[in-house]
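The values are calculated or read from the model by the stated rules, or taken from the named source; none is laboratory data. Quick caveat: nothing in here was measured; it's all calculated off a predicted structure. For neighbour counting, all protein chains shown are included, and Cβ atoms are generated from backbone atoms with ideal geometry for every residue, glycine included.
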Amino acid sequence: MRTDNERESSNIEDRRGSEGGGGGFSLGGGRNLGLGTIVVAFVASWALGMNPMTVLSLLSGGGAPQSQSAPSSKPLANDVDARFVSVVLADTEDVWRDIFKQAGSQYREPKLVLFSGQTPTACGTGQAAMGPFYCPGDEKVYIDLRFYQELRDRYKAPGDFAQAYVIAHEVGHHVQNLLGTSGKVDAMRGRTSEAQQNQLSVRLELQADCYAGVWANHAQKMRNIIEAGDIDEAMTAAAAVGDDSIQMAARGTVVPESFTHGSAAQRTHWFHSGFQSGDLNQCNTFAQGGL
């Protein structure tokens, strides 16, 4: 991925090294939407017959949403990893600002928070074990950069564009929040069964994958950022964090009805669909047969 001489975003908060505060990780109304999943939650969910997301909440204490903030600063100028994240975020800002403008609307930029271990959010205490996530309550993307090492070593998905995909996916959740999609899904959750809630979650995640592909399409047209092998890196990452891939690695068994993010095939399909079309209208995962 070409990032030389690209601008950096000013919407970065660096909380690494600060105390994150206590409390549970809330998955309620202001539910964090994460890319990663704790393996033990899947194992426990099969044993208990529960939704993995419910188990995650119980494991972390299930505390109420919090709004306190942690000390933050700007990343150091020589911090290569932070600079990369800042450049990718800046690129998403430019792309989505242009897309929203063409639609006669205005894009509101999210903040991106770098943290270590845990940090307070408007959705509860964010845990690094959850992987990167977006909190609609404060419109911020949260990431512990050590996740990238896990993505490379544990999920076998190395590469800078795989890392960019992660950020673009979480920004995709921000776009859903701005468009009202997330709110509609949250409202529907209270009127559906657990299986239907899982399906809604899957459709929301797959749409964020598609939006990540839309970003890649427009970023390539605007700045020619994509190098040979980049799209393969993103597809590998999308497949690696598919529910079936994670479940198979954890237990050697796949339980489709417990999926909350989508299968490897679904995630790669929707990212590729967004990348090929560059059109938000092609990302309607909620349509009949949309999966």
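A few comments on the model shown:
- When Val214, Val175, Val202, Val171 are screened for being out of contact with any helix residue (DSSP H, G or I) (no Cβ under 7 Å at 6 or more places or on another chain), hydrophobic (A, V, I, L, M, F, W, C) and modelled with pLDDT of 95 or more, only Val202 passes.
- Residue count for segment 167-186 satisfying the condition of being acidic (Asp, Glu) and under 18 Å from Ala90 (Cβ atoms): 1.
- Filter result for Gln199 (in contact with a Gly (Cβ under 8 Å, 6 or more places away or on another chain) and either polar (S, T, N, Q) or crowded, with 22+ Cβ neighbours inside 10 Å (or both)): no
- Close Cβ contacts (under 6 Å, 6 or more residues apart or on different chains) running from residues in segment 122-136 that are of a type in the set (A, V, I, L, M) and assigned to a helix (DSSP H, G or I) to residues that are surrounded by 22 or more Cβ atoms within 10 Å (Cβ to Cβ) and modelled with pLDDT of 95 or more comprise Ala128/Asp144.
- Checked against (1) closer than 24 Å to Ile231 by Cα; (2) of a type in the set (Lys, Arg); (3) more than 20 Å from the chain's Cα centre (by Cα), Arg267 passes all but a single condition, namely (3).
- Considering segment 178-272, the qualifying helices (runs of 4 or more DSSP H), each wholly inside and each with 1 or more residues that are touching a His at 6+ places or on another chain (Cβ under 6 Å) and under 23 Å from Ala157 (Cα atoms), run over 194-223, 243-251.
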